[in-house]
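Only one structure is covered here, and it is reproduced in the block below.
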Amino acid sequence: MLVESAASQAQAAAPLLECRGIDVCVGSRTLVRGLDLQIGRGSMLAVLGPNGSGKSLSLHTLAGLRLPSAGQLMISGRPLADWPRRALARELALLPQNVEDPFPASVIETVLLGRHPHIAQWQWESARDLAIASNALAAVGLAGYEERDVLTLSGGERRRAALAAVLAQTPRIFLLDEPTNQLDPNHQLEALQLLRERADAGAAVIVTLHDPNLAERFADSALLIGKDGNWQCGSVADTLTAQHLSALFDTRFEAAHISGRRVFFQA
């Protein structure tokens, strides 16, 4: 029988991602002040806030691309600074708000970039890597696009290919900045359903959204980031309310129940 060490057991029980008093700043301006947050396995957190409130920079901070001005970030029970970059890339994936493709490449080559953290140095992609990438393309509705030049894709198709690369990375922590950007309504729902399924399978998913109705439909909890550095976080039922949304976006929201689902609209 395998007996785990106390340290291994503690790490297994730790949240996948934890913020302890994190400040996110730009110059002298504090965008997010003293963020305390825990995201465990099986959770999906929606981040909402007005333009310029710091949603994207907060995701970049959580991904380790920029240092917090204060506080500590823990990944799977270990301080971020203790993670080698390659190991972190196997644990955590980031989908930026904008993805650039400066060089010609096929769609499958682009998606295979998500497998690079799992491939040893000087090694080629294996048949398993190719299968994972192909399955990710099929999941986002791009089966049959493998040999297309990625530069010939529409904006929405490129966004779905970028999501496929993140899925192919097979992390335990997903950070996605406006994954529904440029997607039509059915693909928005399909993309968020894929992420919901990853959370239900044990991952932690953090996604920035502009539509509170998508957050209501797919997320377990919500983080609302205001323009003054303040924030509030809790369950979707408690945090995502018409009153809170009205204050957050400085416009009047109301809520109604339609077909058994709570729906928000601007009044």
Condition met for Ala222 (aliphatic (A, V, I, L, M), buried (at least 23 other Cβ atoms within 10 Å of the Cβ) and not in a helix (DSSP H, G or I)): yes
So, first residue farther than 23 Å from Ala89 by Cβ and in contact (Cβ under 8 Å) with a residue 40 or more places away in the chain in the stretch 17-31, second residue among the hydroxyl-bearing types (Ser, Thr, Tyr) and assigned to a strand (DSSP E or B), Cβ within less than 6 Å, six or more apart or across chains; the pairs are Asp23/Thr30
(1) of a type in the set (Gly, Ala, Ser); (2) over 30 Å from Asn230 (Cβ atoms); (3) within 19 Å of the chain's Cα centre (by Cα); (4) surrounded by fewer than 18 Cβ atoms within 10 Å (Cβ to Cβ) all hold for Ala89 apart from (4)
Test for Ala70: is it in contact with a strand residue (DSSP E or B) (Cβ under 8 Å, 6 or more places away or on another chain) and either closer than 18 Å to His60 by Cβ or of a type in the set (D, E, K, R) (or both): yes
Quick check: is even one residue across the stretch 141-149 at pLDDT 95 or above, surrounded by fewer than 15 Cβ atoms within 10 Å (Cβ to Cβ), more than 16 Å from the chain's Cα centre (by Cα) and among the hydrophobic types (A, V, I, L, M, F, W, C)? yes
Tell me which residues, restricted to the stretch 1-26, are modelled with pLDDT of 90 or more and either outside any strand (DSSP E or B) or touching a Lys or Arg at 6+ places or on another chain (Cβ under 7 Å) (or both). Pro15, Leu16, Asp23
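Being in a strand (DSSP E or B), of a type outside the set (D, E, K, R), touching a residue at least 24 places away in the same chain (Cβ under 8 Å) and at positive phi narrows it down to one of Gly71, Gly52, Gly64, so name that one.
Gly71
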Count of the stretch 189-229 residues which are in contact (Cβ under 8 Å) with a residue 60 or more places away in the chain and of a type in the set (Lys, Arg): 2
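The values are calculated or read from the model by the stated rules, or taken from the named source; none is laboratory data. Note that the structure is a prediction, hence the values are computed from the model and not measured. Neighbour counts run over all protein chains shown; Cβ positions are idealised from the backbone, glycine included.
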